[in-house]
Amino acid sequence: MAPARVIELDEQADSFLPHSALDPSEALAIASDQRLRVDVSWPSPANAFKWVLRPRGWVGSFMVAERLVVRIKPKTPVPRIFELQRIAGGDLEREPELALVPAGTLQDAMEAVVRVLVRAVSNRLARGLRKDYVHDIRTGQVPRGRLRLRDSTLRFASGRPSLCWDERFLTVDIDDNRILAFTLFQVSRIGLQDRSLATDVAHVQRLLAMMTSHRSYIPDRCRGRAYAGADQDYGALHAMCALLLEGIGPTADEGTAPFPQFGFDMPTIFERAVAALLRTRLRPGLRLVEKPTLSLGAGMRFRPDLVVVDVDGRAKAVLDTKYKTQLVESDVQQAVAYATALDVNKAFLIHPVPVGRGSIEAGRVSVTTLTFDLARDPSTAADDLVAAMRASLVA
């Protein structure tokens, strides 16, 4: 079998490829991949008859056509990406080993996370998985729970002489453990480079499969779960599951991949990290509301990233994170629309690098560009961001 061809791209930068580097079907596959989000300009006299590819968000390695891999190199160092993930993921901070991810490729870092997860799940298997009571309706000759008279009568009347009852039983086959099993199942199908790690993943996944039923989960199902007492460690386990399931995406659903596939949605990570850091720094007097829905009538709705409100719940400003290296006119227009809908006169656009321009006045709305600098320590960058916001709000 011929090895996969790899196209190397840089995050948020134009890459020029010879006309012979892609055929039209491959270019269409790249352009139509909703997860990859790469703008494709076809060869023409304007670009010297070359393909022009520009990634708009995701970084990592992705199989987009038969034997064709697109590898997008991030601008941000890999350890910093994982640091932002730890900040955004909340419970990830409970796992100190994740602070030591290697500074190599995203693939190396992903396998480091898998290694931590496998070790943690193995430890939990040795201690015993979390159990919970599950309700089920059972039938048979000897009831072991509260009898369901109506259902039992109907079964006898229909010629099926058996009883029906409600039963509660303690089991490990619950969502908390099925999430672990599904994540390792997906990881086992993406083509890990470390064969020893792949063997460990398969072993632990088989143990979980023997005790749980197979169900699919999306990353959001791994978040916001409640844990009690001795099961607090599940918070970090599920946070790692969310990170891996987001990075793997739906590509593992189609069978074992011939090439490692893993990536990060940088705009989403940037937004979540900014929100997590601001959430604790705005107090006292202000707080954040995330993704509120603003109805404008006629079926039109807006969902700004963040809204700053006071202690009485009155909106003070709208915030929109923009993982871009330049100010875009449509982003300013969007911020003005959000501010107008909220009836506030302050809007902030937060970029990962300085984009200049300061404040832009649009009628009664002032749009200010601020920076959450990814090149700096996240806590220091967040402190400076909050200071700039507060200064603008009282001006």
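Since only Val201, His238, Gln186 are under comparison, the one whose Cα sits farthest along the positive direction of the charge dipole of the chain, derived from C-beta charges on Lys, Arg, Asp and Glu, is His238. Each Lys and Arg contributes +1 and each Asp and Glu -1, all at the Cβ; summed about the Cα centre of the chain, the dipole is approximately 1160 debye.
State the extension gain, in nm to one decimal, for the chain segment bounded by Ser32 and Ala157, taking 0.36 nm per residue of separation less the distance between their alpha-carbons.
Numbers: separation 125, 0.36 × 125 = 45.00 nm, distance 5.76 nm.
Stretched out fully, the Ser32 to Ala157 stretch lengthens by 39.2 nm.
The peptide list 114-121, 177-184, put in order of mean Cβ contacts within 10 Å with the highest first, becomes 177-184, 114-121.
Under the definition of Cα pairs under 8 Å and six or more residues apart, what whole-number percent is the relative contact order of region 5-73? Numbers along the way, then the final one.
On the way: 134 pairs, mean separation 30.4, N = 69.
Here the relative contact order equals 44 percent.
Sorted largest first, the spans of the alpha carbon positions of the chain along the three principal axes are 78, 64, 45 Å. For region 20-59, the dipole from Cβ point charges (+1 on Lys and Arg, -1 on Asp and Glu) about the Cα centre works out to 200 debye, to the nearest 20. Over 23 Å apart at the Cα level, from the set Lys324/Lys346; Lys75/Lys346; Lys131/Lys291; Lys75/Lys316; Lys75/Lys291, are Lys75/Lys346; Lys131/Lys291; Lys75/Lys316; Lys75/Lys291. Over the chain, calculate the relative contact order: mean separation of alpha carbon pairs under 8 Å at least 6 apart, over the residue count, as a percent. It rounds to 12 percent for the chain. With contributions of -39500 (n - 2.57) from each DSSP H run of at least four residues, the per-residue ellipticity at 222 nm computed over the chain stands at -12000 deg cm²/dmol.
In nm, to one decimal, how far is the modelled label at Glu167 from the one at Arg314, with both set 7 Å along Cα→Cβ? Each label point lies 7 Å from its Cα, and together they span 6.1 nm.
Within the shell of other residues whose beta carbon sits under 13 angstrom from the beta carbon of Met210, the net charge comes to +1, with Lys and Arg scored +1 and Asp and Glu -1. Charges on Cβ only, +1 for Lys and Arg, -1 for Asp and Glu, centred on the Cα centroid of the chain; of Gly299, Ser213, Val336, which one is farthest towards the dipole's positive end? So the residue we want is Ser213.
Rounded to the nearest 20 debye, the dipole magnitude of region 282-394 is 200 debye, with +1 charges on Lys and Arg beta carbons, -1 on Asp and Glu beta carbons, and the Cα centre as origin.
What fraction of the DSSP beta bridges in region 314-395 is antiparallel, stated in percent and rounded to the nearest 5?
Numbers: 4 of 14 bridges.
For region 314-395, the DSSP antiparallel bridge percentage is about 30.
Looking at the chain alone, DSSP beta bridges between its own residues are antiparallel in about 75 percent of cases.
Listed highest first by mean packing, meaning other Cβ atoms within 10 Å per residue, what order do 66-72, 329-335, 151-157 come in?
Top to bottom by mean Cβ count within 10 Å: 66-72, 329-335, 151-157.
Counted over region 282-394 with a bin width of 10 Å, the fraction of Cα pairs per bin, in whole percents, is 14, 48, 32, 6, 0. 3J(HN,Hα) along region 226-241: 9, 10, 10, x, 6, 9, 4, 5, 5, x, 5, 4, 6, 5, 5, 4 Hz, from the Karplus curve 6.51 cos²θ - 1.76 cosθ + 1.60 with θ = phi - 60°, whole Hz, x for Gly and Pro. Of all alpha-carbon pairs in region 5-73, indicate the percentage at a distance above 14 angstrom. It works out to 52 percent of all Cα pairs.
Count charges around Ala31 for me, please; just the other residues with Cβ under 10 Å from its Cβ, Lys/Arg as +1, Asp/Glu as -1. Once positives and negatives cancel, what remains is -2.
Of the residues Gly145, Thr171, Ser158, the one whose Cα sits farthest toward the positive end of the charge dipole of region 132-171, with +1 on the Cβ of Lys and Arg and -1 on the Cβ of Asp and Glu, is Ser158. Mean sequence separation of contacting Cα pairs (under 8 Å, at least six apart), scaled by the length of region 282-394, corresponds to a relative contact order of 18 percent. For the pair Ser122 and Met210, label points projected 7 Å from Cα toward Cβ lie 1.6 nm apart.
The numbers here are math on the coordinates, done by the rules we state, and not lab data. Computed from a prediction, not measured in an experiment: that's the story for all the values here. All Cβ positions, even for glycine, are placed from backbone atoms using ideal geometry, and neighbour counts span all protein chains on display.
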